[in-house]
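Q: Dumping the structure here so I can ask a few things about it.
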Amino acid sequence: MSFGLPREAIAESLVRSGVVTRVVDGDTLWVRDSSAVSGGKTLKVRIADIDAPEVCQAGGPEAREALRRHVLGQPVTLTSPSSRSHDDYGRLLARVDKQGEDVGRWMVRRGHAWSYSYRRNAGPHAAEQARAQAAGAGLFAHAEAENPRSFRQRYGSCYP
């Protein structure tokens, strides 16, 4: 889920600003787009580069609450490679920044999400994840902490 974009492509990224109106889980939120072009459209956003526990999984409710406390009602900036950057559930894949801080990195650093890994790539927040695991932060304090991808493969999504 990492953008993996060269520097030149980042300049061509789609950047939007808005206010977080709802937090669904530790990596999904709704943002009311403040651009005049959208007319205040609300976007369902999947935070890029992280994977938070499912809400029905150990650590899931805590991840959702941490994200909710951090961003609900707050202005954020969304950066995605293009307007067509959506996942299989129709969510816009975007880096979410609050006052210049990468919210995904913030979640991983506090032990509420994993750095999104793909094949042999540990993901952009691997160092933060390693520190959170070593410190036993957040979900890493529990022996039953399970990567959400593995959890979904075994049990499916929490949402029907």
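Q: At a 10 Å Cβ-Cβ cut-off, how would you order Val76, Val96, Val55, fewest neighbours first?
A: Exposure proxy ranking, most exposed first: Val55, Val76, Val96.
Q: What would the Debye equation give as log₁₀ I(q)/I(0) for the chain at q = 0.08, 0.15, 0.19 Å⁻¹, counting only Cα atoms as equal point scatterers?
A: Here the Debye-derived log intensity ratios amount to -0.22, -0.77, -1.24.
Q: Ranked by Cβ crowding within 10 angstrom, fewest neighbours first, how are Asp27, Asp33, Asp88 ordered?
A: With the fewest neighbours first, Asp27, Asp33, Asp88 line up as Asp88, Asp33, Asp27.
Q: Follow-up. Using a ≥ b ≥ c from the Cα gyration tensor of region 70-160 (square roots of the eigenvalues), is it rounded, prolate or oblate, where a/c under 1.5 gives rounded and otherwise the larger of a/b and b/c decides, a/b for prolate?
A: In terms of gyration-tensor shape, oblate.
Q: To continue, here is another question. Quick check: the distance between the Cα centres of region 80-151 and region 14-59, to the nearest angstrom?
A: Taking the Cα centre of region 14-59 as reference, the centre of region 80-151 is 14 Å away.
Q: Another question about this same structure. Relative contact order for region 35-111 using alpha-carbon pairs under 8 Å, separation at least 6, rounded to a whole percent? Walk me through the intermediate numbers first.
A: Values: 79 pairs, mean separation 27.3, N = 77.
Taking the mean separation of contacting Cα pairs over the length of region 35-111, I get 35 percent.
Q: Determine, for each peptide in 42-51, 143-152, the mean count of other beta carbons within 10 angstrom over its residues, then list the peptides with the highest first.
A: Result, highest mean Cβ count within 10 Å first: 42-51, 143-152.
Q: Same structure, new question: Tell me, Trp106, Trp114 in order of fewest to most beta-carbon neighbours within 10 Å?
A: On the way: Trp106 22, Trp114 28.
By the 10 Å Cβ count, ascending, the order reads Trp106, Trp114.
Q: Put a dot 7 Å past each Cα toward the Cβ at Tyr89 and Tyr155; how far apart are the dots in nm?
A: 1.4
Values quoted throughout were computed directly from the atomic coordinates according to the rules given, and no laboratory measurement underlies them. Fair warning: this is a prediction, and the values are worked out from it, not measured in the lab. Using ideal geometry, Cβ is built from the backbone for each residue, glycine included, and neighbour counts are taken over all protein chains shown.
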